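Heads up, the thing below is written out as structure tokens.
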Amino acid sequence: MTTLNVDSRGTACPGPITDLIRAYKKAQNGDLIVLVANDPGAVPDSKAWCERTKNEFVGSKDVESAFEITIRVTGKKA
Amino acid sequence: MKNIAIIGSGAGGLITSSKLAKDLSKEIKNGEVTITLFDKKREQEFQPGYLEVAFRGTDPSKIRRPVKKLVSSGVKMIYDNVEKVDLADRYVKTEGSSEKINYDYIIISTGSSPDYDQIDGLKQANMDFHTDAYNASLIYNRISSIKSGKIVVGIGGLPYKCPPSPNESAFMLDEYFRKKGIRDDVEIVYITPFTRIYSAESINEVIEPMYERRDIESITAFNTDTVDDEKKEITSLEGETLKYDYLFLTPPHKPAGFLKGSDMSDEDGWVKVDKKDLHITTYDNGFAIGDTTNIPISKAGVEAHLEGVVVANNIAAEITGTEQKIKFTGRTQCSMETGFHKATFVVGTYDRPVEKIEPSTMNYMEKKVMEKIYWGSLHGHYEWLFKYHFKKDYFEK
């Protein structure tokens, strides 16, 4: 299992989701993607994206004026 | 003597070189400054015109001009591609040459191009309107023969240039087949890896109802993984499949090859720059503009233009010591044609989210005006107009 850290601070929609999708393309099932963003839309957008792609939205927390969003990659085909 | 090197003769490189040539005309005349533009291309194309070529049958030659007519007086053109930039020792080398060409300032504006290697099977199956005008013209030849079937358009991968263009292709295909009277026989499906039809919510609110009214199907959160042209089938990263008869996807894009693996670039080759003054991280005399950068905003001509104005102004200010330095505001101004002579615009800055702008004929006319003034704008002829139009977003003091 690998953790992919993605720093999207300073970017607004669709910056964080673009960064998330680009990281997801390189990830394997079981990997964690930790996305840090200060765009408030990043949390609901990431949740919606996880629901649609069957990946797991592990959670989000506030970290130094930003949101740290953790996603477990579970949706990729075997 | 100060030597300024500009890599790439697209919109960004040309606008930057023309502003530098104007602002430093006295120094150039006195032999104190040289401006050199590097690019192998002998012709440039008006890239937003690819949609007109692909979906309205515009002759590709109408959106093409010889580079020699676009280079401003005072700028030396070298028709070679650069394959090495040494930021530490301040020199470049062109393809196949061992000669070191020294510079004092460098601006990298090498753009982006389709990267078919990212998606297995896409090259064989797809026709795109992002590679060049000729390839776009092949789409018009193809749609002219379509009597019925399922066309899939949309975003094949990230990043890509001209964010609204995949949506525009759906609207323009709808217009084309409605005018032809066979729209009921042609299914149009739009796919996107984002969770909305347009990634910015404000624009999505405008166009989502239009998709419903125009009977354009949309599939969101679809991450294209592979394409099988024999089966006429796209498979997503999640294992979903989608059948098609005709495929006009926007492919993911890549930067110029020499940037990948360079210490100035991120892992995909996009040059890491300060998003406001565009200097390459850790190198104050090196800059990158336009699609080349890793700035998370639209890869579109307006960004290259406004970033070029900032970089040219600041280099000229440093050389002459006369002007104030300025910053890029992150302003976007991407037109999105919605068909039938209407368009909206994707407008925002670093500090202002994308506005909700309803499609109108006036917006469409504004888009058409830009087409008319494009070639002159590369020489800097219309900066007064852009300055008036963008107002405080033109640059930040």
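The values are calculated or read from the model by the stated rules, or taken from the named source; none is laboratory data. The shown structure was predicted, so the numbers you read here are calculated from the model rather than taken from an experiment. Virtual Cβ from ideal backbone geometry, glycine too; neighbours counted across all protein chains shown.
Remarks
- Residue count, the stretch A:21-51 (criterion: in a helix (DSSP H, G or I) and at the interface with another protein chain (Cβ under 10 Å from one of its Cβ atoms)): 13
- Filtered by the rule that a residue be touching a Leu at 6+ places or on another chain (Cβ under 6 Å) and either in a helix (DSSP H, G or I) or within 14 Å of another protein chain (Cβ to nearest Cβ) (or both), the stretch B:121-153 gives a lone residue, B:125.
- The stretch B:259-315 - residue that is under 21 Å from residue B:155 (Cβ atoms) and of a type in the set (S, T, N, Q) and, of those, modelled with the lowest pLDDT: B:298
- Any hit, the stretch B:99-110, residues being part of a loop (DSSP other than H, G, I, E, B), among the hydrophobic types (A, V, I, L, M, F, W, C) and out of contact with any Lys or Arg (no Cβ under 7 Å at 6 or more places or on another chain): no
- If you check B:364, B:350 for being modelled with pLDDT under 95, hydroxyl-bearing (Ser, Thr, Tyr) and surrounded by 14 or more Cβ atoms within 10 Å (Cβ to Cβ), only one passes: B:350.
- Sole exception among (1) away from chain A (no Cβ under 14 Å); (2) in contact (Cβ under 8 Å) with a residue 12 or more places away in the chain for residue B:317, by number: (2)
- Number of the condition not met by residue B:98 [criteria: (1) in contact (Cβ under 8 Å) with a residue 24 or more places away in the chain; (2) not assigned by TED's automatic domain parsing to the domain that holds residue B:228]: (1)
- Screening residue A:9 with (1) farther than 15 Å from residue B:223 by Cα; (2) buried (at least 22 other Cβ atoms within 10 Å of the Cβ); (3) more than 7 Å from chain B (Cβ to nearest Cβ) gives one miss only, at (2).
Residues are listed down the side, and each one gets a yes or a no for (1) charged (D, E, K, R); (2) at pLDDT below 95; (3) closer than 22 Å to residue B:269 by Cα; (4) within 20 Å of the chain's Cα centre (by Cα):
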| site | (1), (2), (3), (4) |
| --- | --- |
| B:56 | yes, no, no, no |
| B:71 | no, no, no, yes |
| B:76 | yes, no, no, no |
| B:91 | no, no, yes, no |
| B:96 | no, yes, yes, no |
| B:101 | no, no, no, no |
| B:105 | no, no, yes, no |
| B:110 | no, no, yes, yes |
| B:122 | no, no, yes, no |
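- Listing of helices (runs of 4 or more DSSP H) fully contained in the stretch B:4-90 that carry 2 or more residues being in contact with a helix residue (DSSP H, G or I) (Cβ under 6 Å, 6 or more places away or on another chain): B:11-23, B:50-56
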